[in-house]
Amino acid sequence: MELNPAFSRIGEENAFAVLARAQALAAQGKHVINLGIGQPDFKTPPHIVQAAVSALQNGEHGYTAATGIPALREAVAAELGSRYNTTVNEELISIMPGGKVTMFAAILMLGRPGVDILYPDPGFPIYRSMIEYTGANPVPIPIREENGFAFSAEETLSLITPSTRLLIVNSPANPCGGVTPKAEIDALVAGLADHPSVAILSDEIYDRLLYDDETHVSLLSYPSIRDRLILLNGWSKTYAMTGWRLGYSLWPEALFDAVRKLSVNAWSCVNTPSQYAALAALTGPQDSVDEMVTTFDERRQFVVAALNELPGISCVTPKGAFYAFPNISHTGWKAKALASALLEEAGIAVIGGPDFGTLGEGYLRLSYANSLPNIEQAIDRMASFLNEH
Ligand code: PLP
């Protein structure tokens, strides 16, 4: 069989391999604390689960329009409109089977040999994987610790060439937890006026997971780029719904028909009961989100302080998402070797920074979407491990 050579370039997300290894070790009877995979450890709020159950009981189990049920598209448009004090056309919203599928679609639609696509490094690994799959040239945007893991507008703009067709930005960010300040985003948008053929994919999946009184700055707040903005968001992180496979995107009018056709060709529609659950999530009480953020915040403060006590480790305080990205370069370990040894020898699953890009060397990613007692135990184990090695 002759596989399309593009598949030799496609990558993956090592967090899933680490999860599988952690589960295999647990099946052998080893106690593993999982700070690897990025998903809330909370249950989906009961009213959301009930909406899916009721939908099935009411016979809502057939196909829907490829872009989603009208009520959900309207609810997404209304929510975005009221949050960012703007008008959003529900006809340009597509309900997707996960946040990830929006990046898959956008990169597939705009990537091809001969074009440049800019993406954050360290960043979510699927950006680069999909860019390489399309044959486009991946251009990393350095995300630096000394910049609080925010991107720099000036540096990003300096990387744009006449071949650039897509710029991917992510704030709050995975894996570093960085939040890019408004002044920097203002500067980026201002500079983009000189590059009208660059589309922007703004991955705002962590928009509600912010700390220290940060408010989310959405690229949707900038009318000057609206006709080339692809906004990625969804329910996975905000409502603890990672396994429901739900997401949404807002598209420029010029791209909408292409994404609609891609949906028809690939997934037909998002499973119907999940769409009703998503509607309940957006229109129902939001206390669960606030409670989750408060809990994440307690863990964040603990984990950062505790990591900074460990020999050879320093950790900047992340302002968003649920990841800490400690600098381990003074431990004498390479990041992936340390991640692997921590899993095999100390029973702690974490991800090596290089799994998020070449600039991730010297760092680990710890997800604090786990209970405080588990995090405490994981840090104790890390301390013993580092003292012994
Ligand atoms: N974007 C970023 C930055 C993420 O970290 C993730 C998941 O980890 C996603 C998108 C994908 O979200 P989903 O699970 O909804 O596909």
With (1) within 16 Å of the ligand (Cβ to nearest atom); (2) in a helix (DSSP H, G or I); (3) surrounded by 14 or more Cβ atoms within 10 Å (Cβ to Cβ); (4) of a type in the set (G, A, S) as the list, and A306 as the residue in question, which single condition is left unmet? (1)
Looking at V179, is it out of contact with any helix residue (DSSP H, G or I) (no Cβ under 8 Å at 6 or more places or on another chain) and within 16 Å of the ligand (Cβ to nearest atom)? yes
The range 234-257, subset near the ligand (Cβ under 10 Å from one of its atoms) and assigned to a helix (DSSP H, G or I), residue surrounded by the most Cβ atoms within 10 Å (Cβ to Cβ): W244
Would you confirm, using the coordinates I've provided, whether Y63 is of a type in the set (F, W, Y), assigned by TED's automatic domain parsing to the domain that holds L231 and either assigned to a helix (DSSP H, G or I) or free of Cβ contacts under 8 Å to residues at least 60 places away in the same chain (or both)? no
Given the conditions (1) surrounded by fewer than 21 Cβ atoms within 10 Å (Cβ to Cβ); (2) part of a strand (DSSP E or B), and given that L231 satisfies all but one, which numbered condition is not satisfied? (1)
Filter pass, A20 being more than 15 Å from the ligand (Cβ to nearest atom), part of a helix (DSSP H, G or I) and farther than 20 Å from A321 by Cβ: yes
I'd like to know if the range 100-110 contains one or more residues that are in contact (Cβ under 8 Å) with a residue 60 or more places away in the chain and more than 16 Å from the ligand (Cβ to nearest atom). yes
Restricting attention to the range 153-176, which residues are more than 16 Å from the ligand (Cβ to nearest atom) and either without any contact (Cβ under 8 Å) to a residue 40 or more places away in the chain or not aliphatic (A, V, I, L, M) (or both)? A153, E154, E155, T156, L157, S158, T161, P162, S163, T164, R165
From the options E60, E79, residue that is touching a Leu at 6+ places or on another chain (Cβ under 9 Å) and away from the ligand (no atom under 16 Å from the Cβ): E79
Cβ contacts < 8 Å: first residue surrounded by 13 or more Cβ atoms within 10 Å (Cβ to Cβ), restricted to the range 372-389; second residue basic (K, R), any location; separation 6+ or different chain. Result? L372/R299; I375/R299
If you take the residues of the range 304-351 that are of a type in the set (G, A, S) and under 20 Å from the mean Cα position of the chain (by Cα), which of them is nearest to Y368 (Cα to Cα)? A324
Hits in the range 283-302 (condition: surrounded by 15 or more Cβ atoms within 10 Å (Cβ to Cβ) and closer than 22 Å to E214 by Cβ): S288, V289, M292, V293, T295, F296, D297, R299, R300, F302
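The values are calculated or read from the model by the stated rules, or taken from the named source; none is laboratory data. Being a predicted model, the structure only gives us computed values, none of them experimental. Positions of Cβ are generated from backbone atoms using ideal geometry, with glycine treated the same way; all protein chains shown enter the neighbour counts.
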